[in-house]
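Have a look at the structure below before the remarks.
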């Protein structure tokens, strides 16, 4: 029997990529052949994000692209957008499966159901997620995004994620370490710990994120451990010091700031003031001078005055950050911020976004210049372009060298030399 071709396209956070990989593995044998999303397929799976209106537009564009490639294909839309706006998705031509964040793990069963007919709309009730499903990616065989936590209890006034993904939850440390062991045994050299709010790991089990990190060091034979975004108030001094003291942890931090104005942070219902953020950043820089420190910032939040925005710019300028992820505030129906007065005009949002992007580029180039002619370990990946292979240093600087198949998935000590126009360092092996 001819195999059905299935293609996956993932939007949004690293967590989504880890989950897509786990879902796709169920289709690797039997009557399915996995192909690239840009190819003609019988079934297209779109794993969605709903953080911003732009994220939703990208998901809709992907549906149109799939239908253009094969008008007879089935389209399955899964994830956060499906969870929050299933009726909107049902009306789009070609979409015949919509599964929320609990139901998406049953995608294989839905597609292979013996009584399923093409274009018979399928959903599973879109229940609020309570179950925790671990997941990890192994796409390039060098680095794995490892989902250790899901959901969030914070309900910040701008954010729809708690409605899309449910309350905070995770497995026990013991169960999490078992999955980490599976990843390690597959030959992966680096894991990236991901989740919606990973600093909240283990709270309902009487455990902590710090305890998980200590367990990974003690019980899992993985060479490099990278931590994704952690809330400032949860990134305590013990975690920072643990990373600084153990070279298996990569000196790379992603810390959501969202605003440098304490007044706006209060309106956002964030659980810290900007002083906590600066304390964390300065401690990291003191203990790990070469660490990469990125921050998320939202501009154009309702009621953000010019003074608030300038306060944010000055605050960020004063800190030794390496890069910014700048988000333009987008109204999310059902959130507190959507009901607030003093919504900021789009033209003003664009002006503020441009200024912060320029500040981010200054920060990034300063960080790169500080790392020129320094020595770092690089994990080389399999991707090639114009005869070069690429990888990331421990402190998250992208590097390149002439391709060598024997160096794929190896860690090599190199000296960083010149930066090209794409912000990629050339290297000299030591």
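The values are calculated or read from the model by the stated rules, or taken from the named source; none is laboratory data. Nothing here was measured: the structure is a model prediction, and the numbers come from that model. Methodologically, a virtual Cβ is constructed for each residue, glycine included, from the backbone with ideal geometry; neighbour enumeration extends over all protein chains shown.
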_Residues to consider are 148, 179; find the one that is surrounded by 19 or more Cβ atoms within 10 Å (Cβ to Cβ) and within 30 Å of residue 408 (Cα to Cα)._
148
*asked:* Looking at the structure I just gave you, is residue 51 modelled with pLDDT of 90 or more and within 23 Å of residue 21 (Cβ to Cβ)?
replied: no
*Could you tell me whether residue 19 is modelled with pLDDT under 95 and either within 20 Å of residue 94 (Cβ to Cβ) or assigned by TED's automatic domain parsing to the domain that holds residue 146 (or both)?*
no
*Filter result (crowded, with 23+ Cβ neighbours inside 10 Å and free of Cβ contacts under 8 Å to residues at least 60 places away in the same chain) within the range 39-69*: 41, 44, 46, 47, 48, 59, 66
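Restricting attention to the range 185-204, does a residue exist that is farther than 23 Å from residue 22 by Cα and outside the structural domain of residue 396 (by TED's automatic domain parsing)?
yes
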_Restricting to the range 96-116, name every residue that is outside any loop (DSSP other than H, G, I, E, B) and farther than 22 Å from residue 33 by Cβ._
98, 103
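Suppose we filter 109, 87 for residues that are free of Cβ contacts under 8 Å to residues at least 12 places away in the same chain and closer than 30 Å to residue 337 by Cα; which single one remains?
The unique qualifying residue is 87.
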_Where residue 35 falls short, out of the listed (1) on the phi > 0 side of the Ramachandran plot; (2) surrounded by fewer than 20 Cβ atoms within 10 Å (Cβ to Cβ)_ = (1)
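Might you check whether a residue that is farther than 30 Å from residue 327 by Cβ, modelled with pLDDT of 90 or more and in contact with a strand residue (DSSP E or B) (Cβ under 8 Å, 6 or more places away or on another chain) occurs anywhere in the range 73-90?
yes
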*Before we move on, is residue 356 assigned to a loop (DSSP other than H, G, I, E, B) and in contact with a strand residue (DSSP E or B) (Cβ under 7 Å, 6 or more places away or on another chain)?*
no
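When you scan the range 248-348 for helices (runs of 4 or more DSSP H) that lie fully inside it, which ones turn up with 1 or more residues that are in the same structural domain as residue 164 (by TED's automatic domain parsing) and under 30 Å from residue 188 (Cβ atoms)?
Where helices (runs of 4 or more DSSP H) fall fully within the range 248-348 and carry at least 1 residues being in the same structural domain as residue 164 (by TED's automatic domain parsing) and under 30 Å from residue 188 (Cβ atoms), they are 274-287.
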*Taking only the range 85-106 into account, find how many residues are surrounded by 23 or more Cβ atoms within 10 Å (Cβ to Cβ) and either under 27 Å from residue 297 (Cα atoms) or assigned by TED's automatic domain parsing to the domain that holds residue 329 (or both).*
1
*Mind checking whether some residue in the range 217-225 is at pLDDT 95 or above, surrounded by fewer than 22 Cβ atoms within 10 Å (Cβ to Cβ) and in a strand (DSSP E or B)?*
yes
*Report yes if some residue within the range 416-427 is in a strand (DSSP E or B) and under 22 Å from residue 246 (Cα atoms); otherwise report no.*
no
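Looking at this structure, is residue 364 surrounded by 16 or more Cβ atoms within 10 Å (Cβ to Cβ) and not in a strand (DSSP E or B)? Can you show your working first?
Numbers: surrounded by 16 or more Cβ atoms within 10 Å (Cβ to Cβ): yes; not in a strand (DSSP E or B): yes.
In short, yes.
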*Give the residues of the range 168-208 that are more than 22 Å from residue 143 (Cα to Cα), assigned to a loop (DSSP other than H, G, I, E, B) and touching a strand residue (DSSP E or B) at 6+ places or on another chain (Cβ under 9 Å), sorted by residue number.*
168
*asked:* For residue 159, only one of the following conditions fails: (1) in contact with a helix residue (DSSP H, G or I) (Cβ under 7 Å, 6 or more places away or on another chain); (2) closer than 22 Å to residue 330 by Cβ. What is its number?
replied: (1)
*When you look at residue 277, is it modelled with pLDDT of 95 or more, more than 20 Å from residue 261 (Cβ to Cβ), in contact with a strand residue (DSSP E or B) (Cβ under 7 Å, 6 or more places away or on another chain) and crowded, with 20+ Cβ neighbours inside 10 Å, yes or no?*
no
